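To start, the structure under review is shown below, and the notes come after it.
The values are calculated or read from the model by the stated rules, or taken from the named source; none is laboratory data. Quantities reported herein were computed from a predicted structural model and do not represent experimental measurements. All Cβ positions, even for glycine, are placed from backbone atoms using ideal geometry, and neighbour counts span all protein chains on display.
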Amino acid sequence: MAKNLAMAYHNLSVMLDAGVPLLRSLNTIASGEKPRMQQAFQALADGVSQGDPLAETMSKNPRLFKPVDVMLIHAAETSGSLPDLMGLLSKWHESSRRMVKKLWSGMLFPIAILTIAAFVIPLPGFILGGWNVGAYLFSVLMVLLLFWVPAGVILLIIYGTPQTGPSRRLLDRIVLRIPLLGRAMYRLAIGRFCWVFHMLSKAGVPMTNSVEMSLSATGNAAVGDMFRPAAERVRAGDTMGRGLSSKLPAELVEMWKVGEETGTLDEVAKRLAQQNTEAAEFLFADFARWFPRFVYWLIALYLIYSIFSGYSRIYSVPSF
């Protein structure tokens, strides 16, 4: 779905830039999409035909159009920079899709190995225990639960925690401490802030509003807190660079200050977005490469434990 949305935004950008009216562009996109996307873009076309703003119509379908998309489209409609912003949104979604794909590509195979191992590990006990099917299935279930219960708990915490508030902030801080993955999420959050700031600047949104709106796009409250003092500086009439946290990369702070001094902050934000997004992609790929090795070590340790347990049962001296 992310790939289709990125392509749809790209096609909209091209048509709008060529002078095709918005309503006609939306109808053209809808006619060439698959059922779900077709229905969504046809709803956008219907809303625009009735005189509703595009962002308002998008907000009625939050499952497809995320709050960041709606926020940016609203800013673009207000400033009249819709074609440019559609193109930037397309790149945003394409970059996000690549990172998710890299992450899952490294996780799917070890997950499959874990599931297969659950059926293989109890086999020695099944054979030595007299082919007891009930005991074998129970052992399989225990091995599966050993790995899947923690994963389920983690997912429950991630998706069940409110998007704002102290609990979300605590969870985001914990995520940042996970080896490799935490660094990737840290760089991704910084890249998201810079990328949204750049898009809002291109749309002509005032600095104060751009900073505030970019804070909500980081996807990590802990990283957002690193930029929050800078937002307060801007509201007070000072430069943003003076309020950037020392926890942020030193090169980002210096480049941001230079961008403000030279009047090229828009382009500096774009370069920082690209730099941090590329760093996040590299780290996600690294995590995807190391996660399977971690899983294989877990399986190997469990197999060793099972072998020694079976050995001790076979050669144990019966008590009288």
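Test of understanding: among Lys257, Lys247, which residue is surrounded by fewer than 20 Cβ atoms within 10 Å (Cβ to Cβ), in a helix (DSSP H, G or I) and among the charged types (D, E, K, R)?
That would be Lys257, the only listed residue that is surrounded by fewer than 20 Cβ atoms within 10 Å (Cβ to Cβ), in a helix (DSSP H, G or I) and among the charged types (D, E, K, R).
From (1) part of a loop (DSSP other than H, G, I, E, B); (2) surrounded by fewer than 16 Cβ atoms within 10 Å (Cβ to Cβ); (3) within 26 Å of the chain's Cα centre (by Cα), pick out the condition that doesn't hold for Thr208.
Every condition holds for Thr208 apart from (1).
Sort through Ser90, Ser105 and tell me the only one that's polar (S, T, N, Q), modelled with pLDDT under 70, under 24 Å from Glu281 (Cα atoms) and part of a helix (DSSP H, G or I).
Ser105
Residues checked against (1) over 30 Å from Ala118 (Cβ atoms); (2) modelled with pLDDT of 90 or more; (3) not charged (D, E, K, R):
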{"site": "Ser245", "(1), (2), (3)": "yes, no, yes"}
{"site": "Glu281", "(1), (2), (3)": "yes, no, no"}
{"site": "Asp286", "(1), (2), (3)": "no, no, no"}
{"site": "Phe291", "(1), (2), (3)": "no, no, yes"}
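What are the residues in the stretch 224-244 that are of a type in the set (D, E, K, R) and either outside any helix (DSSP H, G or I) or not assigned by TED's automatic domain parsing to the domain that holds Arg192 (or both), if any?
Scanning the stretch 224-244 gives a single hit, Asp238.
Yes or no: the stretch 271-281 includes at least one residue that is free of Cβ contacts under 8 Å to residues at least 24 places away in the same chain and touching a Pro at 6+ places or on another chain (Cβ under 8 Å).
Within the stretch 271-281 (the criterion being free of Cβ contacts under 8 Å to residues at least 24 places away in the same chain and touching a Pro at 6+ places or on another chain (Cβ under 8 Å)), the answer is no, since none of the residues qualifies.
Go through Trp195, Trp256 for me and flag whichever is at pLDDT 85 or above and out of contact with any Phe, Trp or Tyr (no Cβ under 9 Å at 6 or more places or on another chain).
Just one listed residue meets the conditions, Trp256.
Across the stretch 43-100, what is the total count of residues that are closer than 21 Å to Glu33 by Cα and of a type in the set (Val, Ile, Thr)?
4
Take the stretch 42-80 and flag every residue that is polar (S, T, N, Q), in the same structural domain as Ser31 (by TED's automatic domain parsing) and closer than 23 Å to Lys202 by Cα.
Residues satisfying the conditions are Thr57, Ser59.
Which residues, taken from the stretch 260-286, are of a type in the set (Val, Ile, Thr), part of a helix (DSSP H, G or I) and surrounded by fewer than 16 Cβ atoms within 10 Å (Cβ to Cβ)?
Thr262
In the list Asp46, Asp17, which residue meets the criterion of being more than 15 Å from Asp69 (Cβ to Cβ) and modelled with pLDDT of 90 or more?
Step by step, each of Asp46, Asp17 is checked, and only Asp46 is more than 15 Å from Asp69 (Cβ to Cβ) and modelled with pLDDT of 90 or more.
Output yes when any residue across the stretch 222-232 is closer than 20 Å to Glu77 by Cα and in contact (Cβ under 8 Å) with a residue 24 or more places away in the chain, and no when none is.
no
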